[in-house]
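Have a look at the structure below before the remarks.
The values are calculated or read from the model by the stated rules, or taken from the named source; none is laboratory data. Since the structure is predicted, the reported quantities are computational estimates derived from the model, not experimental observations. Please note: Cβ atoms are built from the backbone with ideal geometry, for glycine as well, and neighbour counts cover all protein chains shown. Side chains are part of the model used for accessible areas, which takes the heavy atoms of the whole protein and leaves out ligands, DNA and RNA. Shrake-Rupley method; radii C 1.70, N 1.55, O 1.52, S 1.80 Å.
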Amino acid sequence: MRASIKSLDIEGLDDPEAWPEDLEYFAASIVMTIGPDYEDAGEFFSCTVCSPLWFAENVLKTKRQDPSHEDIQHPPKFGRHYLFATRFNEKLIVEAVRHWVKSQEGVDWQDLAVRLSRNLAWEFEDYRE
């Protein structure tokens, strides 16, 4: 079984006027509906797309407002639910996501959704009956 993206939105950046001024320093949420390729419906998945520079300065290191204090150095972090791009290019980002989703296979939807959730946050990721 394979999945297909039914909808994809890079939140707040769907208009080129809203794109970041510095294309090498950015972060945005990608929200998608993904489902089995033979169905119209899907479930919600998301991730954060950002530049490595943004991630380093906003996740790995927090700038202090008080200049008398040193920056806070955080311990190592996993990059789960992050997609890294050195430069904001909407077309390349969307193509990369579509290609990766299309490359995933599973024996059924549950198996496939779990595979997708390795890189994308899934609305039912921690759901228990």
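The table that follows gives values for the structure above.
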{"read-out": "Listed residues 86, 33 arranged by accessible area, highest first, probe 1.4 Å", "value": "86, 33"}
{"read-out": "Gaussian network model of the chain, springs between alpha carbon atoms under 10 Å - residue of 20, 36, 75 with greatest fluctuation", "value": "75"}
{"read-out": "Between segment 89-121 and segment 1-55, the Cα center-to-center distance that results, in Å", "value": "11 Å"}
{"read-out": "Sum of -39500 (n - 2.57) over DSSP H runs of 4+, divided by residues of the chain (222 nm, nearest 500)", "value": "-5500 deg cm²/dmol"}
{"read-out": "The chain pair-distance distribution - Cα-Cα, 10 Å bins, rounded %", "value": "12, 38, 30, 16, 4, 1"}
{"read-out": "Label-point separation, residue 123 to residue 99 (7 Å along Cα→Cβ), nm", "value": "2.9 nm"}
{"read-out": "Heavy-atom accessible area per residue - the chain, 1.4 Å, Å²", "value": "67 Å²"}
{"read-out": "Highest-first arrangement of 89-102, 111-124, where packing means the average Cβ count within 10 Å", "value": "111-124, 89-102"}
{"read-out": "Distant-in-sequence amide H partners of residue 85 (H built 1.01 Å from N, under 5 Å)", "value": "50, 51"}
